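Take a look at the structure set out below.
Any read-out appearing in this document is the output of simple, stated calculations on the displayed coordinates, not a laboratory observation. Predicted model only: the values in this text are computed from it and were never measured. Methodologically, a virtual Cβ is constructed for each residue, glycine included, from the backbone with ideal geometry; neighbour enumeration extends over all protein chains shown.
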Amino acid sequence: MPTQEKQDTIEDFKSRLDGAKTVLVTEYRGLTVQQLSDLRKQLRGVSAQYKIIKNRLAKLAMTDTDLSKLGPHLKGPTGMVISREDPVAVAKALHTFAKTNQALAIKAGFVEGQVLPAAELKALSELPTKDAIRAQIIGAIQGPLAQLVGLLKAAPRELAYVLSERGKNAPAETAPETAPPQATAPETMPPQATVPEGTATEPAATP
């Protein structure tokens, strides 16, 4: 039966694991206090924490959870990386630190519901982060999108200008069209002139 102090440690560790997307198992043997402090600082930069815990207590905290699959890797001085954020960014930060601090051993990890060995964690660290992918997508569409926004903003202005100009020119355009009907009045005169011609020929036919 764990003591109250150990039970508190287990409960604290459970609360840290709750909702975690990424849990990485490392062995920190050979790292100095300053190096551990640097590691924690780098991991905080990607919203991750580094927790040193005794293997037995860690196993008790992970009992009856999927994280219990990490049990076989809990050997030696164990430090665990825990994060609820982007797994790629966490793996990248951890491997970056390990390159210059080779005493840190990365053993295995639990990422998005799957146990990954060290080799696959390394491959994960070489992928672009979500922020990097997002930046690439924004960069790819930023130019065309800016042009589209410019066109959308210009369209109402251009339409208003065209309608305004068309309104100014409308009377000048329609005036010549109404003139020809007024000019047709003389064309109605010849039918009126035929009346005298008809009456002049009737007397000539009577003798």
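Could you list 69, 107 so that the one with the fewest beta carbons within 10 Å of its beta carbon is first and the one with the most is last?
Working: 69 13, 107 18.
The order, fewest Cβ neighbours first, is 69, 107.
When a/c reaches 1.5 or more, the comparison of a/b and b/c decides; with that in mind, is segment 7-144 rounded, prolate or oblate per its Cα gyration tensor? Walk me through the intermediate numbers first.
Numbers: a/c = 2.05, a/b = 1.57, b/c = 1.31.
It comes out prolate by the Cα gyration axes.
Collect residues whose amide H, placed 1.01 Å from N in the peptide plane, falls under 5 Å from the amide H of residue 110; neighbours closer than 5 in sequence don't count.
23, 24, 25, 116
What are the ³J(HN,Hα) values, in whole Hz, obtained from phi via the Karplus relation 6.51 cos²θ - 1.76 cosθ + 1.60 with θ = phi - 60°, for each residue of segment 99-111 in sequence order, with x given for Gly and Pro?
Values, residue by residue: 5, 9, 9, 5, 5, 6, 10, 9, 8, 6, x, 10, 10 Hz.
Could you go through segment 43-52 in sequence order and give the Karplus-derived ³J(HN,Hα) for each residue, using 6.51 cos²θ - 1.76 cosθ + 1.60 with θ = phi - 60°, rounded to whole Hz, and x for Gly and Pro?
Along segment 43-52, the couplings run 5, 4, x, 10, 6, 10, 10, 10, 10, 8 Hz.
With r defined as the distance between the Cβ atoms of residue 99 and residue 37 and R0 fixed at 25 Å, what FRET efficiency is calculated, to the nearest 0.05?
Details: r = 18 Å, r/R0 = 0.71.
With R0 = 25 Å, the Cβ-Cβ based efficiency is 0.90.
Tell me which residues come under 5 Å, amide H to amide H, from residue 52 once H is placed; ignore anything under 5 positions away on its chain.
80
Could you tally the net charge around residue 72, taking each other residue with its Cβ under 11 Å from the Cβ of residue 72, Lys/Arg +1 and Asp/Glu -1?
Details: positive: 59, 69, 75, 107; negative: none.
Here the count lands on +4.
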